[in-house]
Amino acid sequence: MNAVNILLILVALGGVYCLFNIITDVIKNKNNLGKGNPILGVVIGFITDFFDTLGISSFALTTLLFKVTNYLDNDKQLPGTLNVAHTIPTILEAFLFIQAVEVEPITMFSLIAAAILGSILGARIVTGFSERKIQTTMGYCLLVTSLLMISKQMGWLSLLSTGNTAIGLVGVSLIIGIVGNFIFGALMMAGVGLYAPCLAMVSILGMNPKAAFPIMMASCALLQAISSGPFIKANMYSRIATITIIIGGLAGVYVAFNIVKNMPLDYIMWLVIVVVIYTGISMIIKGRK
């Protein structure tokens, strides 16, 4: 059995584990699913995971749409809802993309494992945050995300990878990659998407940026599947948002991958960046009050 098949099996098992936790919790709390509108939740899931498949962070977009629609009961639910609700759509993304790009197995599995370990630590820390601390942390995380999105739009990330052909890391570069993905996995629990920082890191370390995609998607799929447990156990997520985002998100991923994956997104991306910055600043101000 080759590395790709092993990874696909692990991703599938992660999905089964996450679904089991979600379904068990929803059945247990069937009379306390939350206040959100189910139709709106499906629409949010479709939009956010549609654009996530095309490279625009689902975390940033979901945070934005939650704030605009006042979907959540309180902001303390935000990090958990982001991670739990988007796990299954992210797993679908991983299945669709992971077989298309070759990556050296030791690099792939070590960086994925590092991200998972980081997320376990991060989830334990974030579940102990107050609503005010989450608001402030999420605000700064959104500003960091906006800077990474601007770097991608301006082509700065592409400059880092000019001439890069490597599909793996060795020696000191591998150690740096492991430490970096550990940090990115922890930050995901606070709402910072892993895609952009991971892409920048592997490009700086000399890898072909295309090789980052299996690493990014498998890292997110597995770490979200595992780290969603503490959020569910701590009741720090919206059940109705999770159920509906999964439904809409799966449809969004499928449509984006099969129909409009070459759609021009420049203007939409800049609009999202502006709104993400505004949302981040608003949350910081709210958290400091």
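In table form, for the structure just shown:
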| read-out | value |
| --- | --- |
| Of all residues in segment 186-209 being buried (at least 22 other Cβ atoms within 10 Å of the Cβ) and among the β-branched types (Val, Ile, Thr), the one that is modelled with the highest pLDDT | VAL202 |
| Flag if ILE91 is crowded, with 24+ Cβ neighbours inside 10 Å, among the hydrophobic types (A, V, I, L, M, F, W, C) and touching a helix residue (DSSP H, G or I) at 6+ places or on another chain (Cβ under 7 Å) | yes |
| Residue check, ALA212 crowded, with 20+ Cβ neighbours inside 10 Å, touching a helix residue (DSSP H, G or I) at 6+ places or on another chain (Cβ under 8 Å) and free of Cβ contacts under 8 Å to residues at least 24 places away in the same chain | yes |
| Residues satisfying the stated conditions in segment 59-117, i.e. touching a His at 6+ places or on another chain (Cβ under 8 Å) and among the hydroxyl-bearing types (Ser, Thr, Tyr) | THR62 |
| Within segment 35-55, considering residues that are closer than 26 Å to ILE285 by Cα and crowded, with 21+ Cβ neighbours inside 10 Å, the one modelled with the lowest pLDDT | GLY36 |
| Elements of type helices (runs of 4 or more DSSP H) contained in segment 1-113, each with 1 or more residues being under 26 Å from VAL274 (Cα atoms), without any contact (Cβ under 8 Å) to a residue 24 or more places away in the chain and more than 19 Å from the chain's Cα centre (by Cα) | 58-69 |
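One line per residue, one yes/no per condition, for (1) modelled with pLDDT under 80; (2) closer than 30 Å to ASN74 by Cα:
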{"residue": "PHE129", "(1), (2)": "yes, yes"}
{"residue": "ARG132", "(1), (2)": "yes, yes"}
{"residue": "VAL144", "(1), (2)": "yes, yes"}
{"residue": "GLN153", "(1), (2)": "yes, no"}
{"residue": "THR165", "(1), (2)": "yes, no"}
{"residue": "VAL170", "(1), (2)": "no, no"}
{"residue": "ILE178", "(1), (2)": "no, no"}
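The values are calculated or read from the model by the stated rules, or taken from the named source; none is laboratory data. These figures come from a predicted structure and were not determined experimentally. Positions of Cβ are generated from backbone atoms using ideal geometry, with glycine treated the same way; all protein chains shown enter the neighbour counts.
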